[in-house]
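Working notes, structure below.
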Amino acid sequence: MSVPRVSMSQSTICVLLLGVLGFAMSAQVAIAMPALFKADERAHAAYAVALSQGTLPTIDTDIPDDPARYPQLAESLFGADEAHRDIWVANHPPLFYVMSQPLVWLGDAVGSPGLTLLGMRLLNALGFALTTILVGLLARELVPRRPAVPVIASAMCIGCGAMTFVGGGIYNDGWSSAAAFMTLYLGFRMIRQGVTRERLIAAAAVGVAAAGFRSTGLVAVLFLGACVLVAMWLREPSLRTFLRGTFWRAVGIAACIGMAPVVVFGWFYVRNIQLYGDPTASSSLFEKFGREPNGTTLFQLVNPEFYGHLLGSLWTDGNIANHWSQAAAIVLTLTLVGLVLDAAAKANPRSTGVLRRIRLVPQSTMQHRQDLAIWALLGGYCLLILINVAGFIAGGGWIHARYAVPFLPFLAAGAGIAALRLGRILPLRVSTGPTTGETALDEARDLRVGLGVSLAFMVVGLVCHLDTEQYVDGPVSSTFALVALVAADLVMFAVAAYVATELRRRMRPGTFDAAPALVAPVTAGPVTDVAPRRPRESTGGSATPKAP
């Protein structure tokens, strides 16, 4: 039986292109930045090395001090205190470091430990590139009727200078963020398109990976279970019918999804409890480094400086100059202003100007409920992560950009909506090609504004890269280090030019997500639906599935 193919939407292609640019920018940092330059890189690299030697380290395991085999690690230990001579990141699950084993073996085989360090940086860069792509895909789930929003959302990730800068270091955050976002994305797709056995298997597998990269992945798994409950509830005629009919079945499915990470990686968290007294070893780490408590979790949650530092870290983390905090302030201010104006326009629209009603593709009652559910679930996810970060800071921890990444889908989608609303201020002349009507005019304007905002974020990200210190001392020593740095810069700018050209070519009225976004996914043979659809009496129509 032949299977009709659904072409990839233009917005998805644009988001993928931005992910490629994000990887190129992080790779430039990875190549040029001195070995083990960033905070925690030494410990993350040592974790992978210890694992290759058959040892699952603890936070008190010594970093290998072998000048012959690992000269960069040995050199980095000069002047380090006792606490920083240990693998203090060993409280993290081992999946990222298991993925790094081929890189360790390759470095040992060719006698170049610097190759291992560079490879681990590029591995993290790939994870952050996937994170950039998934931010756009999640934004599409949040705002399905505004196809320019996903592109703006992914471009905002590029514009956050710390995102691509941190992506060039040895961290497990790139893959942990990507796995957590993919877990949420698959959960949202089940809300849109139904709960099937195939989707459950894929979501459970990604959820296991999320829990294996970082403990915060368990939060994504928790909300994946909530997505299953909501998806099966929305397919019932009423909440009462759901509670009487499929509630316990839905709870059982959600419990199975939650048990999968426990079965695969639960032993590691039990080990942490036995060794340190809690699943994440946070109290032991605070004691190890002599951290002093900084108020309470509630104090941090109501402290404006906490939010300023957390969100500002997306532009100022690492050795990025502090004046880039102005970019954070500008973006966040414009986002808040745009969202307020958008809410005012929906409540009391005007015939002209920035408060004019924007006409979108009609949606059914079911689709509206799906939108509300997805916004609520992502908001709950962000709130739980926020409480976790606030507790970490209250215990004596420091704020890094890595801790702000989980909020990017929510922030970037909001920034996209705000940008399209503020774009109504500009007197743009748009043409819709073969399509006519006020809805087409609004979509054409969105594309023009979305293209301009996306390119602006790209420029901000590139300028931020240029503003950081350019090193000629990467992890792989070479006589032609300067040539390698210049080549990395040229490749980065060449990729940026190509992506900008492609965005301009694709974001045109009449062709941008015209048909693919409205085509229902087609499968080869019957789909096993875990929650068969029942007829609704008052929903105003069923949902029109969107292609993932």
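The values are calculated or read from the model by the stated rules, or taken from the named source; none is laboratory data. Here the structure is a predicted model, which is why all the values come from computation and not from measurement. Please note: Cβ atoms are built from the backbone with ideal geometry, for glycine as well, and neighbour counts cover all protein chains shown. In case anyone asks, the SASA skips ligands and DNA or RNA and just uses the protein heavy atoms, side chains included. Shrake-Rupley method; radii C 1.70, N 1.55, O 1.52, S 1.80 Å.
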TODO: Identify the chymotrypsin sites (Phe, Trp or Tyr not before Pro) of segment 191-254 meeting these criteria: DSSP loop state and at most 16 other C-beta atoms within 10 Å of the C-beta.
DONE: none
Open item on the list: Can you show me the helix-derived [θ] at 222 nm for the chain, built from DSSP H runs with n ≥ 4 at -39,500 (n - 2.57) apiece and divided by the number of residues, rounded to the nearest 500.
Closed with: -21000 deg cm²/dmol
Open item on the list: If I fit a long axis through the Cα atoms of helix 113-142 and take the longest principal axis of the Cα atoms of the chain, what angle between them do I get, 0 to 90°, rounded to 10?
Closed with: 20 degrees
Open item on the list: Once you keep just the Cα pairs under 8 angstrom separated by 6 or more residues, what percentage relative contact order results for the chain?
Closed with: 24 percent
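So for segment 34-92, considering every pair of alpha-carbon atoms, how many percent are separated by more than 15 Å? Before the final figure, lay out each step's value.
Numbers: 695 of 1711 pairs.
When all Cα pairs of segment 34-92 are counted, 41 percent exceed 15 Å.
Using alpha carbon coordinates only, what is the Rg to Rh ratio of segment 1-156, with Rh defined as the Kirkwood radius? List each step's numbers first, then the result.
On the way: Rg = 19.7 Å, Rh = 17.7 Å.
Taking Rg over the Kirkwood Rh, I get 1.11.
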Task: Per-bin percent of Cα-Cα distances, the chain [20 Å] - done: 20, 53, 25, 2
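How big is D, in µm² s⁻¹, for segment 1-81 by Stokes-Einstein at 10 °C and 1.306 mPa s if Rh is the Kirkwood radius over C-alpha pairs? List each step's numbers first, then the result.
Details: Rh = 16.4 Å.
Calculated translational D: 97 µm²/s.
Give me the accessible area per residue for the chain, probe 1.4 Å, as a whole number in Å².
On a per-residue basis, the chain sits at 43 Å².
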Open item on the list: As I understand it, the value is the acute angle between the Cα axis of helix 148-159 and the longest principal axis of the Cα atoms of the chain; what does it come to in degrees, rounded to 10?
Closed with: 20 degrees
Task: Cβ-based charge dipole, segment 182-307, positive-most Cα from Ala254, Leu275, Val195 - done: Val195
TODO: Please give the FRET efficiency for Leu360 paired with Leu339, using the beta carbon to beta carbon distance and R0 = 22 Å, rounded to the nearest 0.05.
DONE: 0.85
TODO: Give the range of the longest stretch in the chain that excludes all trypsin sites (Lys or Arg not before Pro) found in loop regions by DSSP and having at most 10 other beta-carbon atoms within 10 Å.
DONE: 6-428
Open item on the list: If the only charges are +1 at each Lys and Arg Cβ and -1 at each Asp and Glu Cβ, what is the size of the charge dipole of the chain around the Cα centre, to the nearest 20 debye?
Closed with: 3060 debye
Task: GluC sites (Glu not before Pro) restricted to DSSP loop in segment 58-147 with at most 16 other C-beta within 10 Å - done: Glu82
- [ ] State the Cα centre-to-centre distance between segment 301-316 and segment 125-177 in whole Å.
- [x] 19 Å
Open item on the list: Quick check: the angle from helix 10-32's long axis to the longest principal axis of the chain, C-alpha only, nearest 10 degrees?
Closed with: 10 degrees
Task: Signed unit charges on C-beta, dipole axis of the chain, positive-most listed residue Gly136, Gly461, Phe96 - done: Gly136
Task: segment 334-419: chymotrypsin sites (Phe, Trp or Tyr not before Pro) falling in loop per DSSP and having at most 14 other Cβ within 10 Å - done: Trp398
Open item on the list: Give me the dipole magnitude in Debye, nearest 20, for segment 73-174 about the Cα centre, with unit charges on the beta carbon: positive for Lys and Arg, negative for Asp and Glu.
Closed with: 660 debye
Task: Where labels lie 7 Å past Cα in the beta-carbon direction, separation of Asp278 and Glu502 in nm - done: 4.4 nm
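Could you check how much of the accessible area of the chain is carbon and sulfur, as a whole percent, using a 1.4 Å probe?
Values: 15280 of 23640 Å².
Ligands and nucleic acids excluded, carbon and sulfur give 65 percent.
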TODO: Mind jotting down the three principal axis lengths of segment 253-326 based on Cα atoms? Whole angstrom, largest first.
DONE: 47, 34, 28
TODO: Run the 1.4 Å probe and let me know the accessible area of Cys14, rounded to the nearest 10 Å².
DONE: 0 Å²
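Would you mind giving the average projected area, over all directions, of the Cα convex hull of segment 243-293 in nm² with one decimal?
On the way: hull surface 21.9 nm².
Across all orientations, segment 243-293 yields a mean hull projection of 5.5 nm².
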